[in-house]
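Each remark here refers to the structure printed beneath this line.
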Amino acid sequence: MSKRFPTGAGIVIIVAILSVASFINLGLLDVSRWGLAFRNLAIFSRELSPPRWDILPVLLPAIWETIQISFAGTILGFLLSLPLAFLGTHTLFNQLITTVARGLVGAIRTVPSILFGIIFVIAVGLGPKAGVLGVALYTVGYLAKIYYEAFEAVDGEVIEAVRSTGCNRLQLFRFAILPETFNTLISQLLFMFEYNIRASTIMGFVGAGGIGYYLVGYVQMLQYQHLMMAIILIFVVIMAIDLVSFRIRARISAPRY
């Protein structure tokens, strides 16, 4: 009997052929282009140094605004994602409802964060409000999917045990699904906040507030030493948030006896 699907070795060969073809079509194997790229990067790297520490008074309020945009957008996105994830859970609702909910989540997830920023800049004008709304919708697209998958992964015996008491869907969610997935909800929420710091920075490129506004300005005006200072500041903030988030996740995930 012939096999319908290629073996493991066959898959590796197919992937290798497709990879090489893609590299060639995209110019990644053009040695002359790489030589020019490295020369340009060397020139750019020299112009980044030394960073301009004297612009910190300008950048600190901007990075603080970026953090606030990320935080507010993440919380708003979390609050919007929970009901969508609830409606998208097959163990709670029929096929029609879950398909509509998941379709909406999928549609939101296809839109890049920077496009959300552009849309809301058009809707509400320049500034952090557009950034918050853009981050919020971007967060919904990802958290809702992760959450309804987590809800469906809850042990069926736990769900049936609670359902046998005659509870409704909300009670089933409250007393069976939510306790079982709480650690996942918080862990993914913290990860999304970390990611949204970066997304909020990009939002500033389209006028949605935060430090991204200064980044694009420094690039346009070829002020690379200013740009380096902004990059250093963003790096420090992201590493600090990563550290705090890691400790919170570790504390939540630690077993309790």
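Values in this text are rule-based calculations from the coordinates and carry no lab data. Since this is a predicted model, take the numbers as computed values, not measurements. With ideal geometry, Cβ positions are generated from the backbone for all residues, glycine too; neighbour counts draw on all protein chains shown.
Within region 205-220, the set of residues being without any contact (Cβ under 8 Å) to a residue 60 or more places away in the chain and either surrounded by 17 or more Cβ atoms within 10 Å (Cβ to Cβ) or of a type in the set (A, V, I, L, M, F, W, C) (or both) comprises Leu215, Val216, Tyr218, Val219.
Scanning region 83-112 for residues that are in contact with a helix residue (DSSP H, G or I) (Cβ under 9 Å, 6 or more places away or on another chain), surrounded by fewer than 18 Cβ atoms within 10 Å (Cβ to Cβ) and assigned to a helix (DSSP H, G or I) returns Pro83, Ile97, Val100, Leu104, Gly106, Ala107, Arg109.
Here is a yes/no grid of residues against (1) over 27 Å from Trp53 (Cα atoms); (2) touching a strand residue (DSSP E or B) at 6+ places or on another chain (Cβ under 8 Å); (3) buried (at least 16 other Cβ atoms within 10 Å of the Cβ):
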{"position": "Met192", "(1), (2), (3)": "yes, no, yes"}
{"position": "Arg198", "(1), (2), (3)": "no, no, no"}
{"position": "Met203", "(1), (2), (3)": "no, no, yes"}
{"position": "Leu222", "(1), (2), (3)": "no, no, no"}
{"position": "Val237", "(1), (2), (3)": "no, no, yes"}
{"position": "Ala240", "(1), (2), (3)": "no, no, no"}
{"position": "Arg247", "(1), (2), (3)": "yes, no, no"}
{"position": "Ala250", "(1), (2), (3)": "yes, no, no"}
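All conditions but one from (1) β-branched (Val, Ile, Thr); (2) free of Cβ contacts under 8 Å to residues at least 24 places away in the same chain; (3) under 30 Å from Gly117 (Cβ atoms) apply to Val162; the one that does not is (3). Of all the residues in region 135-174, those that are within 29 Å of the chain's Cα centre (by Cα) and surrounded by 16 or more Cβ atoms within 10 Å (Cβ to Cβ) number 19. Being under 21 Å from Phe182 (Cα atoms) and loosely packed, with under 14 Cβ neighbours inside 10 Å is not true of Asp54. For region 123-134, name all the residues that are within 22 Å of the chain's Cα centre (by Cα) and part of a helix (DSSP H, G or I). Within region 123-134, Pro128, Lys129, Ala130, Gly131, Val132, Leu133, Gly134 meet the criteria. The residues on offer are Leu92, Leu115, Leu80, Leu87, and the sole one that is under 20 Å from the mean Cα position of the chain (by Cα) and closer than 18 Å to Lys145 by Cβ is Leu80.
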